[in-house]
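For reference, the structure discussed in these notes is given below.
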Amino acid sequence: MINKSILIELTKRDFTERYSGSILGMLWTFIWPLVTMLVYFLVFSKIMGAKLPGRTYVHGYGVYLIAGLAPWTTFASTITRISSLFVDKKHLITKINISLPTFPIYIVISETITFIITIFIYFIFLVFLDVGFHKTLLFLPFVFVSQQIFAYALGFFIATLQVFIRDLREVVGIVLFVWFWLNPIVYVFDILPEYVKSYIVYNPAFWFISAYQNIFVFHKPPNFHYLILLTILGHTILIIGYLMFKQLEKDLRDFI
């Protein structure tokens with residue numbers, strides 16, 4: 001297992017390196033989600049006048065959009081960063097004896113902190129818009145943990161392969177771009193044709209995206225069947241990825 005002090009130091013460095021040289025530094029962690037939400041709320045609610053079916057308040061679509069966009073951004077960023085970690089940090093891996101399976105955990109922690117900040121700002125918007133809260137918010141940690149286990153598993157699996165197949169970096173970007181549009185984030189699930197609905201329910205990202213939308217927008221509990229499937233899938237990929245890593249570990253360190 002990776003040393004906890006190293007893990008904490010890597011997480012700190014992740015934030016400092018991300019905003020190194022900037023005047024505002026880590027304040028950008030708050031500024032980016034704030035500006036993003038303002039833009040989406042203003043563009044879709046005020047300028048375009050987009051409405052959410054079944055919701056009477058004017059900002060309903062903006063609330064719906066952020067409920068799906070915030071977790072997707074964290075999910076996609078976690079996969080993207082972990083999948084290229086071994087290649088990007090080869091200078092560190094070759095100098096320090098690091099447990100590679102646990103090395104990506106600092107990225108999960110970093111992205112989790114960013115997500116918490118984003119959701120905190122989202123809460124402020126909900127209070128300001130007088131949307132109201134519901135006891136279903138208690139399910140948020142369970143949804144997020146299931147989502148990040150899945151993201152970590154996928155990222156680690158790809159990271160092992162990317163050492164040998166460098167083109168996977170570009171493939172991951174394309175797949176995530178297409179995958180984004182396969183989720184009801186900028187559109188509503190109910191408007192989809194029935195044959196599309198029958199396929200989209202097999203999309204693992206839909207399982208957690210719909211959970212956030214249920215909690216924040218519709219004030220309903222998440223679909224626990226989906227969350228159980230997501231958890232099983234995440235752990236299955238994690239086990240397969242670890243077994244593959246153990247088989248390739250020696251060659252992987254040589255290729256790095």
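If you check every pair at least six apart or on different chains, which have Cβ atoms under 7 Å apart with a residue in the range 118-135 that is more than 18 Å from Trp32 (Cα to Cα) first and a residue that is modelled with pLDDT of 85 or more and not aliphatic (A, V, I, L, M) second?
His134/His219
Do you know which residues across the range 120-168 are among the small types (Gly, Ala, Ser) and within 19 Å of the chain's Cα centre (by Cα)?
Correct list: Ser146, Ala151, Ala153, Gly155, Ala159.
Each row is one residue, and each column tells you yes or no for (1) of a type in the set (A, V, I, L, M); (2) part of a helix (DSSP H, G or I); (3) without any contact (Cβ under 8 Å) to a residue 12 or more places away in the chain.
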site: Arg169; (1), (2), (3): no, yes, no
site: Lys197; (1), (2), (3): no, yes, yes
site: Phe206; (1), (2), (3): no, yes, no
site: Tyr212; (1), (2), (3): no, yes, no
site: His235; (1), (2), (3): no, yes, no
site: Leu243; (1), (2), (3): yes, yes, yes
site: Asp254; (1), (2), (3): no, yes, yes
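Go through (1) among the small types (Gly, Ala, Ser); (2) within 19 Å of Ala211 (Cα to Cα); (3) touching a Phe, Trp or Tyr at 6+ places or on another chain (Cβ under 9 Å) and name the single condition Gly132 misses.
(3)
The values are calculated or read from the model by the stated rules, or taken from the named source; none is laboratory data. All figures in this text were calculated on a predicted structure; none of them were measured in a lab. Glycine also receives a Cβ, built like all others from the backbone with ideal geometry; neighbour counts cover every protein chain displayed.
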